[in-house]
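Remarks on the structure that follows.
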Amino acid sequence: MEVRGVTWGPKRAPAILHDISFTLSEGEVLAVCGANGAGKSSLLRLLYRHQAPLSGSVIVEGRDLWLRPAREAARIVAAVLQEQPTDFALTCREIVALGRLPHRQGMGPGARDKAVTDAALIRMDLGHLADRRFGTLSGGERQRVMVARALAQDPRILVLDEPTNHLDIRHQLELLRLLRGLGLAVVCTLHDLTLAADFADRVLILDQGRVIADAPPEEALTEATIAQAFRVATRIDRSGGSPHFSFQLDL
Ligand SMILES: Nc1ncnc2c1ncn2[C@@H]1O[C@H](COP(=O)(O)OP(=O)(O)OP(=O)(O)O)[C@@H](O)[C@H]1O
C-alpha cells in the first residue's frame, strides 16, 4: 500500500489530515499513534475505502483504491473498527460469516466459505461461542468476533482501529502476536506505546493531522516526539528488553 500526499477534512471545514504519505509492505506491521483527535481514525477510513481523500491517493497493489469496485477492494483490505454491529440477534458464526460476502459466488455460502469461517472462529478462540448471540458476549469477546470476521475476509491488508480495546492483557498479547504471524500488511492504531514499541515494525505518529515520525519504534518513539504528540514529559528506560515509558503532565 502506498499512501501519497493524502488530505482529508469534512465538507466546508478546515482539513484534518494534511499531506500524509507512507508506504506499507507485505508482512509489515505499522502502528499509528497520536493524541485523541490527532486524526488516526480519519486516516484509517481512507485506507479501507470508507472515505475518499480530498487530494492525494491510496494505491493498493498498483491501483488507486477508489478506482476499484467496493467488492474488489473488500477482498484486499479488511477493517476492524471501534464501532461494532448493532444486530445483536446474530450469532458469532453468522457475524464472522459476513466476512465471506466479498468472496461469495452464487446465493449461499459454499464449502470454502464455511471452512474459512470455522477456521477464523477457532483462530480467535471462539469455537465454544460460535452459536451464541453476539448481544450476549462480553466486550472482549465481541472484539475477538470482529477480528475473526476480518480474518474470514481473507484480505491482504488488515486495518484495525484500537484492536486491543476491551481485551485483557493475555488477549491483547495473543492478538498482537497473531497479527504479526499472519504475514499480512497490518495498520493499526494503538494508544499503548509499549505495545506499539514491542509489536510494530514501524510507528507512525500523528500530531494534529500531520506525520511527525514514521520509523522503527526506537527511532519514532522518542522523548521529543512523545512530548510533541501528547503534550507530556516522558522518560524512556531502554535498559530492559522492552522500553519502559514513564509520563508526567508537566513538560
Ligand atoms: N465527519 C467529521 N466531521 C467533523 N469533524 C470530524 C469528522 N470526523 C472527524 N472529525 C474530527 O477530526 C478530528 C480527528 O478525529 P479522529 O477520530 O480521526 O481522531 P483520533 O486520532 O482517531 O482520536 P481518538 O484517539 O480520540 O480516537 C477530531 O477533532 C474529530 O472531531
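Tell me, what is the percent relative contact order of the stretch 84-155, built from C-alpha pairs under 8 Å that lie six or more residues apart? Walk me through the numbers on the way to the answer.
On the way: 86 pairs, mean separation 36.3, N = 72.
Relative CO of the stretch 84-155 lands at 50 percent.
Each 10 Å bin, from zero up to the one with the longest distance, holds this percent of the alpha carbon pairs of the chain: 7, 30, 34, 22, 7, 1, 0. In the elastic network of the chain, a GNM with C-alpha springs shorter than 10 Å, the most mobile of Gly56, Gly140, Gly106 is Gly106.
Let me spell out the model: positive unit charges on the Cβ of Lys and Arg, negative unit charges on the Cβ of Asp and Glu, origin at the Cα centre of the stretch 99-251. What dipole size does that give, in debye rounded to 20? Numbers along the way, then the final one.
On the way: 19 positive and 20 negative charges, 154 e Å.
So the magnitude is around 740 debye.
Within the set of other residues whose C-beta is less than 14 Å from the C-beta of Arg235, count the net charge using Lys and Arg as +1 and Asp and Glu as -1. Neighbourhood net charge equals -2. Against the chain, whose longest principal axis comes from its Cα atoms, helix 139-152 is set at around 70 degrees.
Measure nothing fancy, just the Cα-based angle from helix 111-123's long axis to the longest principal axis of the chain, in degrees from 0 to 90, nearest 10. Once rounded, the angle reads 50 degrees. Among the trypsin sites (Lys or Arg not before Pro) in the stretch 194-251, those located in a DSSP loop and surrounded by at most 15 other Cβ atoms within 10 Å of their own Cβ are Arg231, Arg238. Structural descriptor for the chain: relative contact order 24 percent, calculated from alpha carbon pairs under 8 angstrom and at least 6 residues apart. With only Cα atoms counted, the stretch 1-139 has Rg and Dmax values of 17.6, 49 Å.
On a per residue basis, the stretch 116-234 carries 41 Å² of accessible surface, using protein heavy atoms and a 1.4 Å probe. Relative to the longest principal axis of the Cα atoms of the chain, the long axis of helix 169-181 lies at roughly 80 degrees.
Think of the stretch 128-251 as having a plus end and a minus end, set by charges on the Cβ of Lys, Arg, Asp and Glu; of Phe245, Val187, Gln228, Val187 sits farthest toward the positive end of this dipole.
Note on the stretch 84-155: Cα convex hull, mean projected area over all directions, 4.5 nm².
First select every other residue whose beta carbon is under 15 angstrom from the beta carbon of Gly39; then total the charges, Lys and Arg +1, Asp and Glu -1.
-2
Only loop residues by DSSP count here, and only those with at most 15 other Cβ atoms within 10 Å; note down the chymotrypsin sites (Phe, Trp or Tyr not before Pro) in the stretch 36-133 that meet that. Filter output for the stretch 36-133: Phe88.
In the stretch 1-64, which GluC sites (Glu not before Pro) fall in coil by DSSP and have 14 or fewer other Cβ atoms within 10 Å? Can you show the working numbers first?
On the way: sites: Glu2, Glu26, Glu28, Glu61; in loops: Glu26, Glu28, Glu61.
Passing both the DSSP loop test and the Cβ count: Glu26, Glu61.
From helices alone, the chain scores -9000 deg cm²/dmol at 222 nm; the rule is -39500 (n - 2.57) for each run of n ≥ 4 DSSP H residues, then divide by the residue total.
Legend: P(r) of the stretch 148-251 from all alpha carbon pair distances, 5 Å bins from 0, whole percents, reading 2, 11, 21, 23, 20, 13, 6, 3, 1, 0.
Highest mobility in the GNM of the chain, judged by mean-square fluctuation with C-alpha springs under 10 Å and restricted to His103, His128, His50, is found for His128.
Under a 10 Å cutoff between Cα atoms, tell me which one of Asp154, Asp118, Asp168 has the largest fluctuation in the Gaussian network model of the chain. With Cα springs under 10 Å in the chain, the top fluctuation among Asp154, Asp118, Asp168 is at Asp168.
Taking a sphere under 15 Å around the Cβ of Leu81 and counting the other residues whose Cβ falls inside, with K and R at +1 and D and E at -1, yields a net charge of +2. Estimated at the nearest 10 Å², the accessible area of Asp250 is 120 Å² with a 1.4 Å probe.
Which distance in Å, rounded to a whole number, links the C-alpha centroids of the stretch 180-213 and the stretch 133-155? So the separation of the two Cα centres works out to 22 Å.
The values are calculated or read from the model by the stated rules, or taken from the named source; none is laboratory data. No experiment lies behind these values; they were computed from the predicted model shown. We place every Cβ from the backbone using ideal geometry, glycine too, and count neighbours over all the protein chains shown. Just the protein is used for accessible areas: all its heavy atoms, side chains included, with ligands, DNA and RNA removed. Shrake-Rupley method; radii C 1.70, N 1.55, O 1.52, S 1.80 Å.
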